[in-house]
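Each remark here refers to the structure printed beneath this line.
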Protein chains: 2
Amino acid sequence: MKKTRITDSHTRQKIFRAATEVFELKGYAGARMQEIADRAGINKALLHYYFRSKDQLFMAVFQVLLKKMFEKITAIFQADLSFKEKIRLFLDQHIDFLIKNPKLPMFLLNEMSVNPSITESIKETLHYGELRDMIYEKHSKELKGYGIRKSDMPQLMITVVSMSIFPFAAREMIAVMIPQMLDNRKFNSFMLERKEFAADFIFSALKHRKK
Amino acid sequence: MKKTRITDSHTRQKIFRAATEVFELKGYAGARMQEIADRAGINKALLHYYFRSKDQLFMAVFQVLLKKMFEKITAIFQADLSFKEKIRLFLDQHIDFLIKNPKLPMFLLNEMSVNPSITESIKETLHYGELRDMIYEKHSKELKGYGIRKSDMPQLMITVVSMSIFPFAAREMIAVMIPQMLDNRKFNSFMLERKEFAADFIFSALKHRKK
DNA sequence: TCATAGATTAACTGTTTAGTTTAACCAAAA
DNA sequence: TTTTGGTTAAACTAAACAGTTAATCTATGA
(Lines give C-alpha, C1' and ligand atoms only; values in the text may rest on other atoms or scores of the structure.)
Protein backbone atom coordinates (compact mmCIF):
# COMPACT_ATOMS: atom_id res chain seq x y z
CA MET A 1 0.00 0.00 0.00
CA LYS A 2 1.20 3.48 -0.87
CA LYS A 3 2.27 5.83 1.85
CA THR A 4 1.73 9.52 1.24
CA ARG A 5 2.00 12.77 3.18
CA ILE A 6 0.03 13.09 6.38
CA THR A 7 -2.36 15.56 4.81
CA ASP A 8 -5.37 13.87 3.21
CA SER A 9 -4.06 10.38 3.90
CA HIS A 10 -6.53 7.55 4.08
CA THR A 11 -6.11 7.26 7.83
CA ARG A 12 -6.63 10.95 8.31
CA GLN A 13 -9.93 10.63 6.53
CA LYS A 14 -10.95 7.62 8.62
CA ILE A 15 -10.20 9.61 11.76
CA PHE A 16 -12.04 12.63 10.45
CA ARG A 17 -15.13 10.59 9.62
CA ALA A 18 -15.12 8.85 12.99
CA ALA A 19 -14.65 12.16 14.78
CA THR A 20 -17.52 13.67 12.82
CA GLU A 21 -19.82 10.84 13.90
CA VAL A 22 -18.87 10.98 17.56
CA PHE A 23 -18.94 14.78 17.84
CA GLU A 24 -22.31 14.94 16.07
CA LEU A 25 -23.73 12.34 18.43
CA LYS A 26 -22.26 13.49 21.73
CA GLY A 27 -21.11 17.07 21.25
CA TYR A 28 -17.66 18.36 22.13
CA ALA A 29 -17.87 17.88 25.91
CA GLY A 30 -19.48 14.46 25.66
CA ALA A 31 -17.12 13.07 23.02
CA ARG A 32 -14.20 10.81 24.01
CA MET A 33 -10.95 10.56 22.10
CA GLN A 34 -10.88 6.83 22.84
CA GLU A 35 -14.25 6.32 21.19
CA ILE A 36 -13.12 8.22 18.12
CA ALA A 37 -9.99 6.09 17.90
CA ASP A 38 -12.06 2.91 18.30
CA ARG A 39 -14.48 3.92 15.56
CA ALA A 40 -11.63 4.79 13.24
CA GLY A 41 -10.14 1.39 13.98
CA ILE A 42 -6.86 2.85 15.14
CA ASN A 43 -4.76 3.54 18.17
CA LYS A 44 -5.20 6.58 20.37
CA ALA A 45 -1.55 7.50 19.84
CA LEU A 46 -2.11 7.65 16.10
CA LEU A 47 -5.05 9.93 16.64
CA HIS A 48 -2.79 12.45 18.34
CA TYR A 49 -0.21 11.88 15.66
CA TYR A 50 -2.62 13.25 13.05
CA PHE A 51 -4.47 15.80 15.17
CA ARG A 52 -2.44 17.18 18.07
CA SER A 53 -5.35 17.72 20.44
CA LYS A 54 -9.07 17.22 20.92
CA ASP A 55 -9.56 20.93 20.27
CA GLN A 56 -7.77 20.83 16.95
CA LEU A 57 -9.65 17.75 15.83
CA PHE A 58 -12.92 19.30 16.91
CA MET A 59 -12.26 22.58 15.16
CA ALA A 60 -11.39 20.76 11.95
CA VAL A 61 -14.66 18.86 12.07
CA PHE A 62 -16.74 21.83 13.18
CA GLN A 63 -15.37 24.09 10.49
CA VAL A 64 -16.18 21.63 7.72
CA LEU A 65 -19.68 20.95 9.03
CA LEU A 66 -20.53 24.60 9.53
CA LYS A 67 -19.37 25.39 6.03
CA LYS A 68 -21.37 22.47 4.65
CA MET A 69 -24.51 23.76 6.33
CA PHE A 70 -24.04 27.36 5.24
CA GLU A 71 -23.21 26.40 1.69
CA LYS A 72 -26.44 24.46 1.38
CA ILE A 73 -28.43 27.37 2.73
CA THR A 74 -26.80 30.11 0.69
CA ALA A 75 -26.05 28.32 -2.57
CA ILE A 76 -29.66 28.14 -3.65
CA PHE A 77 -30.28 31.82 -3.06
CA GLN A 78 -27.50 32.68 -5.49
CA ALA A 79 -29.24 31.09 -8.47
CA ASP A 80 -31.05 33.02 -11.19
CA LEU A 81 -34.63 32.30 -10.17
CA SER A 82 -37.62 34.18 -8.81
CA PHE A 83 -37.85 34.46 -5.05
CA LYS A 84 -40.68 31.94 -4.90
CA GLU A 85 -38.82 29.46 -7.06
CA LYS A 86 -35.85 29.82 -4.75
CA ILE A 87 -37.93 29.07 -1.70
CA ARG A 88 -39.44 25.98 -3.27
CA LEU A 89 -36.00 24.80 -4.39
CA PHE A 90 -34.52 25.54 -0.99
CA LEU A 91 -37.13 23.53 0.91
CA ASP A 92 -36.79 20.64 -1.50
CA GLN A 93 -33.01 20.43 -1.45
CA HIS A 94 -32.44 21.41 2.15
CA ILE A 95 -34.86 18.86 3.54
CA ASP A 96 -33.24 16.16 1.39
CA PHE A 97 -29.89 17.27 2.76
CA LEU A 98 -31.07 17.20 6.38
CA ILE A 99 -32.63 13.76 6.00
CA LYS A 100 -29.09 12.61 5.21
CA ASN A 101 -27.62 14.70 8.07
CA PRO A 102 -30.31 14.72 10.74
CA LYS A 103 -28.01 15.44 13.69
CA LEU A 104 -26.17 18.27 11.98
CA PRO A 105 -28.44 21.19 12.95
CA MET A 106 -28.57 20.32 16.64
CA PHE A 107 -24.82 19.77 16.75
CA LEU A 108 -23.95 23.11 15.17
CA LEU A 109 -26.60 25.09 17.02
CA ASN A 110 -25.62 23.65 20.38
CA GLU A 111 -21.88 24.04 20.04
CA MET A 112 -22.37 27.65 19.01
CA SER A 113 -24.76 28.24 21.87
CA VAL A 114 -22.45 26.71 24.48
CA ASN A 115 -19.33 28.36 23.11
CA PRO A 116 -20.20 31.41 21.01
CA SER A 117 -16.58 32.36 20.35
CA ILE A 118 -16.21 29.22 18.27
CA THR A 119 -17.25 30.99 15.07
CA GLU A 120 -14.87 33.90 15.43
CA SER A 121 -12.03 32.17 13.63
CA ILE A 122 -14.25 31.21 10.72
CA LYS A 123 -16.37 34.25 10.14
CA GLU A 124 -14.31 35.43 7.19
CA THR A 125 -14.33 32.01 5.59
CA LEU A 126 -18.10 32.13 5.35
CA HIS A 127 -18.35 35.48 3.53
CA TYR A 128 -22.15 35.55 3.23
CA GLY A 129 -22.07 39.27 3.99
CA GLU A 130 -22.53 39.82 0.29
CA LEU A 131 -25.63 37.65 0.27
CA ARG A 132 -27.54 39.33 3.06
CA ASP A 133 -28.24 42.57 1.22
CA MET A 134 -28.11 41.09 -2.25
CA ILE A 135 -31.14 38.87 -1.79
CA TYR A 136 -33.45 41.78 -1.20
CA GLU A 137 -32.01 43.96 -3.98
CA LYS A 138 -32.39 41.16 -6.47
CA HIS A 139 -36.05 40.57 -5.63
CA SER A 140 -37.14 43.96 -4.30
CA LYS A 141 -39.96 44.32 -6.83
CA GLU A 142 -41.33 40.84 -6.24
CA LEU A 143 -40.99 41.19 -2.46
CA LYS A 144 -42.59 44.64 -2.30
CA GLY A 145 -45.52 43.06 -4.10
CA TYR A 146 -45.91 40.76 -1.10
CA GLY A 147 -45.70 43.64 1.35
CA ILE A 148 -42.18 42.67 2.45
CA ARG A 149 -39.93 45.62 3.22
CA LYS A 150 -36.18 45.30 3.46
CA SER A 151 -36.46 45.45 7.25
CA ASP A 152 -38.77 42.42 7.20
CA MET A 153 -36.17 40.24 5.52
CA PRO A 154 -34.59 38.84 8.68
CA GLN A 155 -38.02 37.82 9.99
CA LEU A 156 -38.92 36.22 6.69
CA MET A 157 -35.64 34.41 6.10
CA ILE A 158 -35.50 33.03 9.64
CA THR A 159 -39.04 31.76 9.20
CA VAL A 160 -38.17 30.03 5.94
CA VAL A 161 -35.02 28.41 7.27
CA SER A 162 -36.74 27.28 10.47
CA MET A 163 -39.27 25.39 8.36
CA SER A 164 -36.66 22.83 7.41
CA ILE A 165 -34.23 22.98 10.33
CA PHE A 166 -36.50 23.13 13.36
CA PRO A 167 -38.18 19.74 13.05
CA PHE A 168 -34.77 18.06 12.93
CA ALA A 169 -33.43 20.02 15.89
CA ALA A 170 -36.59 19.42 17.89
CA ARG A 171 -37.17 15.85 16.82
CA GLU A 172 -37.06 14.31 20.29
CA MET A 173 -39.28 17.04 21.69
CA ILE A 174 -41.76 16.39 18.90
CA ALA A 175 -41.56 12.66 19.62
CA VAL A 176 -42.69 13.31 23.17
CA MET A 177 -45.95 14.68 21.78
CA ILE A 178 -46.18 12.49 18.66
CA PRO A 179 -44.61 9.11 19.51
CA GLN A 180 -44.79 7.82 15.92
CA MET A 181 -42.09 10.34 15.08
CA LEU A 182 -39.54 8.11 16.77
CA ASP A 183 -39.77 5.87 13.72
CA ASN A 184 -37.26 6.99 11.07
CA ARG A 185 -39.46 6.06 8.11
CA LYS A 186 -42.42 7.99 9.49
CA PHE A 187 -40.36 11.01 10.44
CA ASN A 188 -38.67 11.16 7.05
CA SER A 189 -41.94 10.91 5.16
CA PHE A 190 -43.30 13.62 7.44
CA MET A 191 -40.39 15.80 6.35
CA LEU A 192 -40.94 14.97 2.69
CA GLU A 193 -44.58 16.03 3.03
CA ARG A 194 -43.33 19.16 4.73
CA LYS A 195 -41.67 20.34 1.52
CA GLU A 196 -45.06 21.04 0.02
CA PHE A 197 -46.75 22.11 3.24
CA ALA A 198 -44.06 24.68 3.96
CA ALA A 199 -43.99 26.03 0.42
CA ASP A 200 -47.79 26.40 0.31
CA PHE A 201 -47.79 27.94 3.75
CA ILE A 202 -45.16 30.52 2.90
CA PHE A 203 -46.65 31.40 -0.48
CA SER A 204 -50.13 31.88 0.95
CA ALA A 205 -48.71 34.06 3.69
CA LEU A 206 -46.82 36.17 1.16
CA LYS A 207 -49.74 36.47 -1.18
CA HIS A 208 -52.06 38.18 1.28
CA ARG A 209 -49.86 39.75 3.85
CA LYS A 210 -50.93 42.80 5.86
CA LYS A 211 -48.80 45.82 5.16
CA MET B 1 -31.23 30.07 62.25
CA LYS B 2 -33.87 27.36 62.00
CA LYS B 3 -32.93 23.99 60.67
CA THR B 4 -35.64 22.16 58.77
CA ARG B 5 -35.92 18.96 56.74
CA ILE B 6 -33.65 18.57 53.75
CA THR B 7 -36.51 18.93 51.31
CA ASP B 8 -37.09 22.53 50.18
CA SER B 9 -34.43 23.96 52.47
CA HIS B 10 -32.88 27.27 51.56
CA THR B 11 -29.59 25.65 50.67
CA ARG B 12 -31.31 23.11 48.48
CA GLN B 13 -32.92 25.93 46.54
CA LYS B 14 -29.62 27.76 46.18
CA ILE B 15 -28.06 24.60 44.80
CA PHE B 16 -30.97 24.01 42.49
CA ARG B 17 -30.78 27.52 41.10
CA ALA B 18 -27.03 27.35 40.59
CA ALA B 19 -27.33 23.96 38.92
CA THR B 20 -30.03 25.29 36.62
CA GLU B 21 -27.77 28.12 35.52
CA VAL B 22 -24.73 25.95 34.92
CA PHE B 23 -26.58 23.14 33.15
CA GLU B 24 -28.42 25.61 30.91
CA LEU B 25 -25.15 27.27 29.99
CA LYS B 26 -22.90 24.24 29.53
CA GLY B 27 -25.17 21.22 29.15
CA TYR B 28 -24.86 18.03 31.15
CA ALA B 29 -21.49 16.88 29.84
CA GLY B 30 -19.95 20.35 30.00
CA ALA B 31 -21.18 21.18 33.49
CA ARG B 32 -18.89 20.79 36.50
CA MET B 33 -20.06 19.99 40.00
CA GLN B 34 -17.39 22.32 41.36
CA GLU B 35 -18.77 25.24 39.39
CA ILE B 36 -22.27 24.54 40.64
CA ALA B 37 -20.98 24.44 44.22
CA ASP B 38 -19.07 27.69 43.70
CA ARG B 39 -22.11 29.46 42.29
CA ALA B 40 -24.27 28.23 45.14
CA GLY B 41 -21.62 29.51 47.53
CA ILE B 42 -21.18 26.15 49.18
CA ASN B 43 -18.89 23.19 49.47
CA LYS B 44 -18.85 20.38 46.91
CA ALA B 45 -19.54 17.84 49.66
CA LEU B 46 -22.71 19.64 50.60
CA LEU B 47 -23.80 19.44 47.02
CA HIS B 48 -23.61 15.65 47.19
CA TYR B 49 -25.28 15.76 50.58
CA TYR B 50 -28.41 17.24 49.00
CA PHE B 51 -28.25 15.51 45.63
CA ARG B 52 -26.43 12.19 45.70
CA SER B 53 -24.93 12.40 42.21
CA LYS B 54 -24.54 14.62 39.17
CA ASP B 55 -27.15 12.50 37.43
CA GLN B 56 -29.72 12.98 40.15
CA LEU B 57 -29.11 16.70 40.32
CA PHE B 58 -29.33 16.95 36.57
CA MET B 59 -32.54 14.96 36.36
CA ALA B 60 -34.14 17.14 39.02
CA VAL B 61 -33.25 20.27 37.06
CA PHE B 62 -34.13 18.79 33.68
CA GLN B 63 -37.52 17.56 34.83
CA VAL B 64 -38.52 20.95 36.20
CA LEU B 65 -37.35 22.81 33.11
CA LEU B 66 -39.00 20.43 30.67
CA LYS B 67 -42.26 20.71 32.55
CA LYS B 68 -41.95 24.51 32.63
CA MET B 69 -41.51 24.57 28.86
CA PHE B 70 -44.36 22.19 28.12
CA GLU B 71 -46.71 23.94 30.50
CA LYS B 72 -46.15 27.23 28.73
CA ILE B 73 -46.79 25.65 25.37
CA THR B 74 -49.87 23.66 26.29
CA ALA B 75 -51.56 25.92 28.85
CA ILE B 76 -52.61 28.48 26.29
CA PHE B 77 -54.17 25.93 24.00
CA GLN B 78 -56.46 24.81 26.83
CA ALA B 79 -58.19 28.17 27.13
CA ASP B 80 -61.65 28.93 25.77
CA LEU B 81 -60.69 30.98 22.73
CA SER B 82 -60.84 30.69 18.97
CA PHE B 83 -57.86 29.02 17.30
CA LYS B 84 -56.59 32.31 15.96
CA GLU B 85 -56.88 33.99 19.33
CA LYS B 86 -54.92 31.12 20.83
CA ILE B 87 -52.14 31.51 18.33
CA ARG B 88 -51.88 35.24 18.95
CA LEU B 89 -51.89 34.68 22.70
CA PHE B 90 -49.35 31.89 22.40
CA LEU B 91 -46.87 33.95 20.41
CA ASP B 92 -47.27 36.88 22.77
CA GLN B 93 -46.81 34.94 25.99
CA HIS B 94 -44.32 32.38 24.76
CA ILE B 95 -41.94 34.97 23.32
CA ASP B 96 -42.12 36.93 26.59
CA PHE B 97 -41.34 33.71 28.41
CA LEU B 98 -38.39 32.88 26.18
CA ILE B 99 -36.93 36.37 26.46
CA LYS B 100 -36.67 35.59 30.18
CA ASN B 101 -35.33 32.08 29.50
CA PRO B 102 -33.35 32.40 26.30
CA LYS B 103 -31.10 29.38 26.83
CA LEU B 104 -33.92 27.05 27.79
CA PRO B 105 -34.90 25.78 24.33
CA MET B 106 -31.36 24.91 23.26
CA PHE B 107 -30.68 23.20 26.56
CA LEU B 108 -33.77 20.99 26.43
CA LEU B 109 -33.51 20.24 22.73
CA ASN B 110 -29.85 19.30 22.96
CA GLU B 111 -30.05 17.12 26.03
CA MET B 112 -32.94 15.22 24.47
CA SER B 113 -31.06 14.89 21.20
CA VAL B 114 -27.87 13.62 22.83
CA ASN B 115 -29.67 11.29 25.24
CA PRO B 116 -33.17 10.47 23.96
CA SER B 117 -33.96 8.07 26.80
CA ILE B 118 -33.94 11.02 29.18
CA THR B 119 -37.65 11.69 28.71
CA GLU B 120 -38.77 8.11 29.33
CA SER B 121 -39.08 8.57 33.06
CA ILE B 122 -41.15 11.71 32.68
CA LYS B 123 -43.48 10.91 29.83
CA GLU B 124 -46.44 10.21 32.08
CA THR B 125 -45.85 13.36 34.11
CA LEU B 126 -46.40 15.45 31.01
CA HIS B 127 -49.79 13.98 30.04
CA TYR B 128 -50.42 16.14 26.98
CA GLY B 129 -51.77 13.07 25.19
CA GLU B 130 -55.19 14.50 25.88
CA LEU B 131 -54.26 17.77 24.24
CA ARG B 132 -52.99 16.41 20.96
CA ASP B 133 -56.35 15.26 19.64
CA MET B 134 -58.42 17.72 21.62
CA ILE B 135 -57.07 20.78 19.86
CA TYR B 136 -58.35 19.69 16.48
CA GLU B 137 -61.73 18.51 17.75
CA LYS B 138 -62.31 21.81 19.53
CA HIS B 139 -61.57 23.88 16.43
CA SER B 140 -62.41 21.48 13.60
CA LYS B 141 -64.94 23.83 12.01
CA GLU B 142 -62.65 26.83 12.14
CA LEU B 143 -59.68 24.81 10.91
CA LYS B 144 -61.55 23.15 8.07
CA GLY B 145 -62.40 26.65 6.95
CA TYR B 146 -58.68 27.25 6.53
CA GLY B 147 -58.22 24.02 4.60
CA ILE B 148 -56.49 22.30 7.54
CA ARG B 149 -57.32 18.62 7.90
CA LYS B 150 -56.63 16.68 11.05
CA SER B 151 -53.58 15.12 9.40
CA ASP B 152 -52.15 18.60 8.78
CA MET B 153 -52.15 19.45 12.47
CA PRO B 154 -48.61 18.24 13.25
CA GLN B 155 -47.24 20.30 10.35
CA LEU B 156 -49.16 23.36 11.46
CA MET B 157 -48.42 23.11 15.17
CA ILE B 158 -44.71 22.52 14.61
CA THR B 159 -44.64 25.55 12.36
CA VAL B 160 -46.34 27.72 14.97
CA VAL B 161 -44.10 26.57 17.80
CA SER B 162 -40.95 26.99 15.72
CA MET B 163 -41.86 30.62 15.16
CA SER B 164 -41.04 31.44 18.77
CA ILE B 165 -38.51 28.76 19.67
CA PHE B 166 -36.25 28.61 16.65
CA PRO B 167 -34.77 32.12 16.80
CA PHE B 168 -33.68 31.51 20.39
CA ALA B 169 -32.20 28.10 19.62
CA ALA B 170 -30.45 29.41 16.53
CA ARG B 171 -29.42 32.76 17.94
CA GLU B 172 -25.67 32.32 17.45
CA MET B 173 -26.17 30.99 13.94
CA ILE B 174 -28.33 34.00 13.15
CA ALA B 175 -25.69 36.27 14.65
CA VAL B 176 -23.16 34.93 12.16
CA MET B 177 -25.33 36.32 9.37
CA ILE B 178 -26.73 39.35 11.22
CA PRO B 179 -24.04 40.55 13.65
CA GLN B 180 -26.34 43.09 15.33
CA MET B 181 -28.21 40.15 16.80
CA LEU B 182 -25.36 39.66 19.27
CA ASP B 183 -26.71 42.69 21.11
CA ASN B 184 -29.34 41.63 23.66
CA ARG B 185 -31.45 44.75 23.30
CA LYS B 186 -31.59 44.40 19.52
CA PHE B 187 -32.30 40.70 19.62
CA ASN B 188 -35.09 41.11 22.16
CA SER B 189 -36.77 43.88 20.23
CA PHE B 190 -36.47 41.70 17.13
CA MET B 191 -38.35 39.01 19.02
CA LEU B 192 -40.99 41.47 20.21
CA GLU B 193 -41.56 42.54 16.62
CA ARG B 194 -41.77 38.89 15.73
CA LYS B 195 -44.95 38.49 17.76
CA GLU B 196 -46.84 40.48 15.17
CA PHE B 197 -44.88 39.28 12.17
CA ALA B 198 -45.49 35.65 13.05
CA ALA B 199 -49.18 36.14 13.81
CA ASP B 200 -49.77 38.00 10.53
CA PHE B 201 -47.74 35.44 8.65
CA ILE B 202 -49.67 32.50 10.04
CA PHE B 203 -53.09 34.12 9.64
CA SER B 204 -52.42 35.08 6.04
CA ALA B 205 -51.24 31.57 5.33
CA LEU B 206 -54.35 30.08 6.89
CA LYS B 207 -56.70 32.44 5.16
CA HIS B 208 -55.77 31.45 1.65
CA ARG B 209 -54.31 28.03 1.89
CA LYS B 210 -54.38 25.56 -1.00
CA LYS B 211 -56.45 22.49 -0.27
C1' DT C 1 -27.09 22.04 79.87
C1' DC C 2 -26.18 18.75 77.14
C1' DA C 3 -27.31 15.16 73.85
C1' DT C 4 -28.68 14.78 69.35
C1' DA C 5 -29.61 15.34 64.57
C1' DG C 6 -29.02 17.88 60.71
C1' DA C 7 -25.99 21.23 58.19
C1' DT C 8 -21.42 22.27 56.62
C1' DT C 9 -16.48 21.91 55.84
C1' DA C 10 -11.54 20.59 54.54
C1' DA C 11 -9.23 17.11 52.96
C1' DC C 12 -9.10 12.95 50.80
C1' DT C 13 -9.98 8.88 47.34
C1' DG C 14 -10.67 6.67 43.18
C1' DT C 15 -11.66 7.09 38.42
C1' DT C 16 -11.73 9.06 33.96
C1' DT C 17 -9.59 11.52 30.52
C1' DA C 18 -6.41 13.88 27.30
C1' DG C 19 -2.18 13.45 25.96
C1' DT C 20 2.88 11.26 25.95
C1' DT C 21 6.47 7.98 25.63
C1' DT C 22 8.87 4.01 24.17
C1' DA C 23 10.04 0.15 21.66
C1' DA C 24 9.02 -2.50 18.03
C1' DC C 25 7.14 -3.51 13.30
C1' DC C 26 6.33 -2.87 8.44
C1' DA C 27 6.17 -1.09 3.72
C1' DA C 28 7.86 1.70 0.43
C1' DA C 29 11.21 4.90 -1.34
C1' DA C 30 15.87 6.47 -1.90
C1' DT D 1 20.34 -1.67 1.99
C1' DT D 2 19.26 1.95 4.59
C1' DT D 3 16.19 5.32 5.69
C1' DT D 4 11.76 7.27 6.43
C1' DG D 5 7.12 7.62 7.77
C1' DG D 6 2.96 5.22 9.21
C1' DT D 7 1.27 2.13 12.73
C1' DT D 8 0.66 -0.62 16.98
C1' DA D 9 0.44 -2.02 21.83
C1' DA D 10 1.20 -0.86 26.22
C1' DA D 11 2.47 1.56 29.94
C1' DC D 12 2.60 5.99 31.77
C1' DT D 13 1.68 11.03 33.43
C1' DA D 14 -0.76 14.83 34.99
C1' DA D 15 -4.82 17.03 35.45
C1' DA D 16 -9.65 17.17 36.04
C1' DC D 17 -13.40 15.22 37.95
C1' DA D 18 -17.21 12.93 40.75
C1' DG D 19 -17.90 11.30 44.90
C1' DT D 20 -16.51 10.08 50.15
C1' DT D 21 -15.01 10.61 54.88
C1' DA D 22 -14.47 12.20 59.23
C1' DA D 23 -14.64 15.88 61.92
C1' DT D 24 -16.88 20.33 63.28
C1' DC D 25 -20.55 23.45 63.89
C1' DT D 26 -25.20 24.91 65.37
C1' DA D 27 -29.86 25.00 66.70
C1' DT D 28 -33.04 22.97 69.72
C1' DG D 29 -35.78 20.13 72.64
C1' DA D 30 -35.46 16.93 76.63
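The values are calculated or read from the model by the stated rules, or taken from the named source; none is laboratory data. As the structure is a computational prediction, the values presented were derived from the model and not from experiment. Virtual Cβ from ideal backbone geometry, glycine too; neighbours counted across all protein chains shown.
Does the stretch A:97-110 contain any residue that is free of Cβ contacts under 8 Å to residues at least 12 places away in the same chain, farther than 27 Å from A:ASP55 by Cβ and either in the same structural domain as A:MET69 (by TED's automatic domain parsing) or surrounded by fewer than 19 Cβ atoms within 10 Å (Cβ to Cβ) (or both)?
yes
Please work out which residue is surrounded by the most Cβ atoms within 10 Å (Cβ to Cβ), limiting yourself to the stretch B:195-205 and to residues that are among the hydrophobic types (A, V, I, L, M, F, W, C) and more than 8 Å from every other protein chain (Cβ to nearest Cβ). First the steps, then the outcome.
Start the filter on the stretch B:195-205 by keeping residues that are among the hydrophobic types (A, V, I, L, M, F, W, C), which leaves B:197-199, B:201-203, B:205.
With the extra rule that they be more than 8 Å from every other protein chain (Cβ to nearest Cβ), the set shrinks to B:199, B:203.
Values: B:ALA199: 20, B:PHE203: 17.
Filtering first and then ranking leaves B:ALA199.
So how many residues does the stretch B:32-90 have that are basic (Lys, Arg), within 14 Å of chain A (Cβ to nearest Cβ) and more than 16 Å from DNA strand C (Cβ to nearest atom)?
Residues of the stretch B:32-90 basic (Lys, Arg): B:32, B:39, B:44, B:52, B:54, B:67-68, B:72, B:84, B:86, B:88.
Filter once more, keeping what is within 14 Å of chain A (Cβ to nearest Cβ): B:32, B:54, B:67-68, B:72, B:84, B:88.
Now drop any that are not more than 16 Å from DNA strand C (Cβ to nearest atom), which leaves B:67-68, B:72, B:84, B:88.
Residues in the stretch B:32-90 being basic (Lys, Arg), within 14 Å of chain A (Cβ to nearest Cβ) and more than 16 Å from DNA strand C (Cβ to nearest atom): 5 in total.
If I filter the stretch B:127-142 for residues that are among the acidic types (Asp, Glu), in a helix (DSSP H, G or I) and closer than 23 Å to A:SER204 by Cβ, do I get at least one hit?
Yes, the stretch B:127-142 has at least one match.
Which members of the stretch A:182-211 meet the condition of being more than 20 Å from the chain's Cα centre (by Cα) and aliphatic (A, V, I, L, M)?
Correct list: A:LEU182, A:ILE202, A:ALA205, A:LEU206.
State whether the residues of the stretch A:9-18 include one that is surrounded by 13 or more Cβ atoms within 10 Å (Cβ to Cβ), touching a Leu at 6+ places or on another chain (Cβ under 7 Å) and small (Gly, Ala, Ser).
No, the conditions are met nowhere in the stretch A:9-18.
Could you check the stretch B:169-194 and list, in sequence order, the residues that are more than 9 Å from every other protein chain (Cβ to nearest Cβ) and in contact with a Lys or Arg (Cβ under 8 Å, 6 or more places away or on another chain)?
B:GLN180, B:PHE187
Taking the condition surrounded by fewer than 21 Cβ atoms within 10 Å (Cβ to Cβ), of a type outside the set (A, V, I, L, M), more than 21 Å from A:ILE118 (Cβ to Cβ) and free of Cβ contacts under 8 Å to residues at least 40 places away in the same chain, does A:GLY41 pass?
Values: surrounded by fewer than 21 Cβ atoms within 10 Å (Cβ to Cβ): yes; of a type outside the set (A, V, I, L, M): yes; more than 21 Å from A:ILE118 (Cβ to Cβ): yes; free of Cβ contacts under 8 Å to residues at least 40 places away in the same chain: yes.
It is true that A:GLY41 is surrounded by fewer than 21 Cβ atoms within 10 Å (Cβ to Cβ), of a type outside the set (A, V, I, L, M), more than 21 Å from A:ILE118 (Cβ to Cβ) and free of Cβ contacts under 8 Å to residues at least 40 places away in the same chain.
What's the total number of residues in the stretch B:143-167 that are of a type outside the set (A, V, I, L, M), in contact (Cβ under 8 Å) with a residue 24 or more places away in the chain and not in a helix (DSSP H, G or I)?
2
Just the residues that are within 8 Å of chain A (Cβ to nearest Cβ) and closer than 23 Å to B:ASP55 by Cβ, please, taken from the stretch B:122-161.
Listed by number, the residues that qualify are B:LYS123, B:LEU126.
Taking the condition within 12 Å of another protein chain (Cβ to nearest Cβ), more than 16 Å from DNA strand C (Cβ to nearest atom), in a helix (DSSP H, G or I) and under 12 Å from the mean Cα position of the chain (by Cα), does B:THR119 pass?
Working: within 12 Å of another protein chain (Cβ to nearest Cβ): yes; more than 16 Å from DNA strand C (Cβ to nearest atom): yes; in a helix (DSSP H, G or I): yes; under 12 Å from the mean Cα position of the chain (by Cα): no.
Criteria not met by B:THR119.
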